[in-house]
Amino acid sequence: MYSSQPTRFPVTHKSVSLDIKGNKTDIVICKYDDKFLVIVTQIGCMGTILHARKEGSVSTEPTFSVSVIFGKRDEPWLLACGRQLIEHISCSGSSRPLVLSLGLKDHSPETLKELTVAVIENCLW
């Protein structure tokens, strides 16, 4: 049946555009029932895709796992960015994993720090 009312996107999401070190950077954050999806792009498409999660542990200190699903496997700063975000998610009380796409022109530590701060400031967790 056709409805004349516009349909809302069924996933809670937030979009932000900002300039990081002279590069237009678009960020989309989606909150699904079972995970968070964060897409950050300076190139207009998805880039390296990471999966980050909190590991089940019997110790008092949590451990985190970050792995590359697709893309550049030799970029330790991308893994560090994923780890920072999953730690923030966990500290906020959520146990959902994170799928993170980073399509960046600039992979410098400064850029990754700025984008991590931007994601945290606009988070949905």
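Quick check: convex hull over the Cα atoms of the stretch 34-101, volume per residue in Å³, rounded to an integer?
Each residue corresponds to 94 Å³ of Cα convex hull volume.
Short version: ³J(HN,Hα) in whole Hz for each residue of the stretch 95-112, in order, from phi by Karplus 6.51 cos²θ - 1.76 cosθ + 1.60 (θ = phi - 60°), x for Gly and Pro, what are they?
10, 5, x, 10, 10, 10, 10, 10, x, 10, 7, 10, 9, 5, x, 5, 4, 5
Can you tell which of 74, 26, 106 shows the greatest fluctuation in a Gaussian network model of the chain with Cα springs below 10 Å?
Highest fluctuation of the listed residues: 74.
Given Cα pairs under 8 Å that are at least 6 residues apart, what percent is the relative contact order of the stretch 23-79?
About 24 percent, as a whole number.
Can you work out the accessible area per residue across the chain, with the rest of the protein chains kept in place, probe 1.4 Å, in square angstrom?
So the chain comes to 60 Å² accessible per residue, rounded to a whole number.
With θ set to phi - 60° and the Karplus curve 6.51 cos²θ - 1.76 cosθ + 1.60, what are the ³J(HN,Hα) couplings of the stretch 26-33 in order, to the nearest whole Hz, using x for Gly and Pro?
Rounded to whole hertz, the list is 9, 10, 10, 10, 10, 10, 8, 4.
Taking the alpha-carbon centroid of each part, what is the distance from the stretch 9-66 to the stretch 91-125 in angstrom?
The stretch 9-66 and the stretch 91-125 have Cα centres separated by 5 Å.
Can you give the calculated 222 nm mean residue ellipticity of the chain, where each DSSP H run of n ≥ 4 adds -39,500 (n - 2.57) and the sum is split over every residue, rounded to the nearest 500 deg cm²/dmol?
-7500 deg cm²/dmol
Evaluated at 4 °C with a viscosity of 1.567 mPa s, what Stokes-Einstein diffusion coefficient in µm²/s does the chain have when Rh comes from the Kirkwood expression over alpha-carbon pairs?
85 µm²/s
The values are calculated or read from the model by the stated rules, or taken from the named source; none is laboratory data. Here the structure is a predicted model, which means the values were calculated and not measured. Protein only, heavy atoms only, side chains kept; ligands, DNA and RNA dropped before computing areas. Shrake-Rupley method; radii C 1.70, N 1.55, O 1.52, S 1.80 Å.
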